[in-house]
Each structure stands twice: as structure tokens, then as C-alpha cells.
1. Within a 10 angstrom radius of the beta carbon, how do Tyr281, Tyr154, Tyr206 rank from fewest other beta carbons to most?
2. Compute the FRET efficiency between Lys54 and Arg195 as 1/(1 + (r/R0)^6), taking r as their Cβ-Cβ distance and R0 = 22 Å, and round to the nearest 0.05.
3. What are the lysines whose alpha-carbon lies under 20 Å from the alpha-carbon of Lys99, with same-chain residues fewer than 8 places away excluded?
4. Dipole of the chain (Lys/Arg Cβ +1, Asp/Glu Cβ -1, origin at the Cα centre): which of Gln230, Ile253, Phe309 lies farthest to the positive side?
5. Using the Cβ atoms and a cut-off under 11 Å, what net charge is assigned to the surroundings of Ser158, where Lys and Arg are +1 and Asp and Glu are -1?
6. If I take every Cα pair under 8 Å that is 6 or more residues apart in the chain, average their sequence separation and divide by the length, what percent do I get for the relative contact order?
7. How would you classify the range 126-200 from its alpha-carbon gyration tensor, with a ≥ b ≥ c the square roots of the eigenvalues: rounded for a/c under 1.5, else prolate if a/b is greater than b/c, otherwise oblate?
8. Ranking Phe446, Phe229 by Cβ neighbours within 10 Å, fewest first, what do you get?
Amino acid sequence: MQFKLKATEYTDPEAMAKGYLTQYYGNHKIEYPINPFQMLKDEGVLFSLMNFEKLEGVYIPASSEDDIAVVGINANRPITRQRFTAAHELCHHFRDADKQISCLIGSNKEIERFAEAFAAAVLMPLTELRIQVNKRKKNNGCVSFDDVLEIATYFGVSFQACLYRIAYMIHAISGNTEPRELNIRARKYAPEKERKKRHLTYTNLYAGLIDCYQEQLSFTPTDHARYVFQNEYIYNDSRMEGLNVTPEEAAEIVTDLRLNMQNSAYCNEENEAYLSIAGHYDMYQEIFAIPVKKSLDVYYIFTLNKLLFSHYPHPEFGGSVRQNNTLVLGAKFETVDYLEIFNELAKVDHEVRDFFTRKEEVSLSEYIMHVARTHHQITVIHPFPEGNGRTSRAFMNVQFVRAGITPIYIKVEDKIEYISALARADQYGDYDELYEIVFRLILRAFVDLHSGE
């Protein structure tokens, strides 16, 4: 509040950002990347991710002394842009708290340019930026695009934002830095492809957002949530396993099951896709059952697998443990020896119980990362003859729902990225890519659930 009273005195966004950081951190050392979502929270501003089409964000001031300011952030933008928007709206909160401001994508209004410059200066303070540039600069006093990518990762900003700030504030980019030409050079460098090639992730940035968004991400099963998951989840998860079914067919089957329960005509079909969808439906009826169960153990996967195959001609197949060793096509690992399945499950069960018991003591991001690791461990154990992927993904949602966290579903178009992340965990024990995917999926599911209400 003290800074807000003098914020309008600043005519230079760099000076304003420096003044704010000095007050915010005091004598404490700044740790990078800076978390602008935490800054919003600390300033008493409620932020929410929203399905905007043309807006980066919106600032809605408090209507009275008993009210609080609200910031909306475009849920469809990259995490680096969302962080910029959070810092941008923080500027509006300090300087423009007497009016509502809608921030259009690409807006060039003076008030928006000031807020953008403030955001850049908050996330990439010039003093620290110079330090990072000096660590990497060559004999010509400049840094390469590869160096810019490293510096952008350090600050948690986009490659382009970092490049422009280094080029125009520090003048440490060689060659033609005229804006249009620099933009062409940046596109040619293809920073996102380079990031993926280096296996750089935004996991820490998503964790910072997730932990500040914990209250909003809380979840209790509702009819609307069941509807979304019975359609979106079941269709996508069936396609993930290569089953040939359209969104319309999946929705029709789910609707028939909901209305006719065990008398559904689809349960008598010989089509495997139909029978699998019927099993999926039963799984999610169980997962979203009310009241939500307050206990959790890994052996619940046997119930899930049994439900998955409950409509097949031989339903006793569901929930049975595989009795031989198997090689998963396309995987980069050998599944656990079938004689060791229960020993390995016992190890996972210890972790599942421990984290579930301590879920109120650990950060939300830490709990979610635990769920992602558990998911991978179960895929490696591969306890069932069939349905391991569908069952282990369903168990992720059991862990989320029982912990009061928004569950997820993986869209079929994200399959390659998801499989690649599991493969990297298989080969190198590196979970960062899987963590990032699960973080993104939780945020997307939250927005989808609330935008349709």
C-alpha cells in the first residue's frame, strides 16, 4: 500500500520498477525467476486465468474499501507471457486503480507501453541483466542468441522479450538490431525448437503459478465436472490407446450409459471401442463419487482396471495381474519382472500414502509432481495384461480428486509430447518435461471446467 501511494509520481517505468523491487525485497536477496503472481497476491490482488480471445489481461479495481482488485490473465497464452501480464497488471494496480483496464493483445497505447516497460524491468532488472550478459559476452562485447536463450531461462521470460531488452537497453546484440530485422532473426533462430532440443522446460515457472493459484484450483466433484470428463476425457483417453471412435460416438455412448445404466445397448456391442468407453464411464463414476473418500493407496488401481473391463465378454480379466514378462512397444524401458510386481507396488504405495497424509504440509506443486512420478512408476511396473495406460492415468485423477485438486485429461493431439516425456523419465530419470505437462493440464482443465459453468 505504501508503494501504491507514490507510484503515480514515477514518470519512468525503469525507475518505478527499481523502486518497487527495493521496497518489496528490502534487505533480502532477489531470487530469480521473480514470481509476479506472488507479488499480486502480496498486494492483495486476486488473479484468475480466463479464456480471453483478444485480451492479454484485464484489471478491475476494487469497488469499495471492503472490496479487492481483480486481475484476469489470458489462459491461452504461454506461461512467459502470463508472467509478463501479471507484472503488467501490477503496474495498473499501482497507477490506474481508479478505472477498469482491458489490455488488448498488441495494444500500443501509452498507458500499455508504460505497463509493459514496467513488467520487463520488474522481471529483468537492469543491474542483474548486465551481470548475466557480462558473464557470457564475447570479445566484441555482445552475446549470442544461444546466450540470450540461457538468460531468458534464468529470468523466466520469453526469448523475444529478453532479446529486445538486451538489444535496446544494454546494446549487446551484434548485427542489425532494427526492430523488424531483429524479429526476423529471432524467428529464424526458432527459440522454442532450441529449448526443446536442449530439454529446457518451464516447470519452475508453472510451479510458481500453481502454488499461488492453490485456492482457485481446489476441486469438488459436481455434475458439470462429471459431464466434462465423461465426454472430453473418455473420448481423448480412448483415442490415446488407438481406439477408433469419434467425439460424437463417445458422447452418444456416455449419454446412453448415463440414462440407461446397465441396460445400455452399447454394453452388448462387440465393438471394443464401445466396451472400453463403457468401462471408462464406470471408472469415472467411481472417481467422482460423493462423498469423496478420505483415504488412498496404490492398490486402488486394481478396482479401476476391473471397472475398465467390466463390460467386456470376460469381465474377470479386469483387475488381474499379468503372469508373464512383456515388452512395451515404443517404450525405452523394460517392464518390471512379473514376479516383482507386488514388491514394486509396495514401494509406490509407501510414497502414495506418505504424500497423501502430508498433502496439507507440502506445496501444491510438490504434491502434483509426486502424482506425476507415481504415474510414471506405475507405467514401468505395468501390473496388468491390458489397460495399464488408461488405468494409471485414471489413478492420477484419483490422487487429485481425493486431495481436492482439479483432475486432468490428455488430449489426443498431446499424445506425442506426453509419450516423449514418459520416455525421458524412463531413460534419464528426468521428470521435468512430465511435470510441465501435468501442470499445464491442470490449469487447462480448471479453465475448461469453469468457463463452461
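No value in this document is a laboratory result; all are computed from the given coordinates. What you are looking at is a predicted structure, and each value in this text was computed from that prediction instead of being measured. Heads up, the Cβs are rebuilt from the backbone with ideal geometry, glycines too, and the neighbour counts pull from every protein chain shown.
1. Values: Tyr281 27, Tyr154 16, Tyr206 23.
The fewest-first ordering by Cβ neighbours comes to Tyr154, Tyr206, Tyr281.
2. 0.25
3. Partners within reach: Lys4, Lys6, Lys41, Lys54, Lys109.
4. The one lying farthest along the dipole's positive direction is Gln230.
5. Details: positive: Arg77, Arg81, Arg83, Arg165, Arg195; negative: Glu192.
Net of charged neighbours comes to +4.
6. Working: 574 pairs, mean separation 62.9, N = 453.
Normalised by residue count, the contact order of the chain is 14 percent.
7. Details: a/c = 1.58, a/b = 1.11, b/c = 1.42.
In terms of gyration-tensor shape, oblate.
8. On the way: Phe446 22, Phe229 26.
Going from sparsest to densest Cβ surroundings: Phe446, Phe229.
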